[in-house]
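The values are calculated or read from the model by the stated rules, or taken from the named source; none is laboratory data. Nothing here was measured: the structure is a model prediction, and the numbers come from that model. FYI the Cβ positions are ideal-geometry reconstructions off the backbone, even for glycines, and counts take in every protein chain you see. Ligands, DNA and RNA are stripped out before the accessible areas are found, and what is left, the full protein with its side chains, is counted by its heavy atoms. Shrake-Rupley method; radii C 1.70, N 1.55, O 1.52, S 1.80 Å.
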Amino acid sequence: MKTTFYKGLENDKPTKIMLYIDLIFMSYSNDKDVNDFNSTSFINELLVDIGRPVIVVPKKWDKDSSGKNILLGWSETRESARALREALPLMKKAKKVDVVTVYKEKNLEGDIAKGMEVSTFLESHDVTCELYPKQITDNDPSIGSILVKHSDRSDIDSITVGGYGHSYLRESLLGGVTQHLISHARVPLMLAH
């Protein structure tokens, strides 16, 4: 296995070399306004245009490892399925995987069933996991905030989600799960589109 480090690529357009990289690691400072930082648009390009998964490591991350306790933010979307597939080898080695589904009250049973389906899939691949259905409330009005709170309270050291399920422009203007996680998560994020 060969590891190659590229520095300063956020100042350039992703090059053809990015097509031949398995996994991209980036550091990110959530002290800055996410909308002022080039790297969010660069992350979008890597995920959407190049199609590579990206692990975004907060600059304040001071642990010596990640991926022992993984949170999978699950929704039945192509982006979530891609993130699941990309992270599956890491999940097989994890001590625990928390599958977090977020639902509105309207379709409680249907949303919980979706979480049970992905849990069954993970277990068929020898991944030990627990399902945590969470509901959007007045105190937790967004999916991103619910995922960050679960991560903070559950000894999670990595979050895996599908990135930019909505367009980058929409997330930049209106906010979204990806933007919220990049801004607020205190653990590394694995994003795939």
What tally of residues in the range 51-74 results from selecting those that are modelled with pLDDT of 90 or more and among the basic types (K, R)? 1
Of everything in the range 110-136 that's touching a helix residue (DSSP H, G or I) at 6+ places or on another chain (Cβ under 9 Å) and farther than 14 Å from A94 by Cβ, which residue is least open to solvent (accessible area, probe 1.4 Å)? V118
For the range 80-96: of the residues being among the basic types (K, R) and part of a helix (DSSP H, G or I), which is most open to solvent (accessible area, probe 1.4 Å)? K93
Give just the number: which of (1) touching a helix residue (DSSP H, G or I) at 6+ places or on another chain (Cβ under 6 Å); (2) loosely packed, with under 11 Cβ neighbours inside 10 Å does S65 not satisfy? (1)
Which of (1) in contact (Cβ under 8 Å) with a residue 60 or more places away in the chain; (2) out of contact with any strand residue (DSSP E or B) (no Cβ under 9 Å at 6 or more places or on another chain); (3) among the β-branched types (V, I, T) is the odd one out, the single condition V54 does not satisfy? (2)
Matching entry among T77, T40 (being open to solvent by less than 100 Å² (accessible area, probe 1.4 Å) and either at pLDDT 75 or above or farther than 16 Å from T178 by Cβ (or both)): T77
In the range 49-61, residue surrounded by the fewest Cβ atoms within 10 Å (Cβ to Cβ) [restricted to those that are out of contact with any Ser or Thr (no Cβ under 6 Å at 6 or more places or on another chain) and closer than 23 Å to I146 by Cα]: K60
Tabulated pairs, the range 128-153, first within 18 Å of M116 (Cβ to Cβ), second of a type outside the set (V, I, T) and in a helix (DSSP H, G or I), C-beta under 6 angstrom, 6+ apart or interchain: C129/S119; C129/L122; L131/G115; L131/S119; P133/G115
Can you name every residue in the range 137-161 that is of a type in the set (V, I, T) and open to solvent by less than 50 Å² (accessible area, probe 1.4 Å)? I146, V148, I156, I159, T160, V161
Among the numbered conditions (1) modelled with pLDDT under 95; (2) surrounded by 13 or more Cβ atoms within 10 Å (Cβ to Cβ), tell me where V99 comes up short. (1)
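Yes/no matrix, rows are residues, columns are (1) assigned to a helix (DSSP H, G or I); (2) over 15 Å from the mean Cα position of the chain (by Cα):
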| position | (1), (2) |
| --- | --- |
| F121 | yes, yes |
| E130 | no, yes |
| D138 | no, yes |
| P141 | no, yes |
| S145 | yes, no |
| D152 | yes, no |
| I159 | no, no |
| Y164 | no, no |
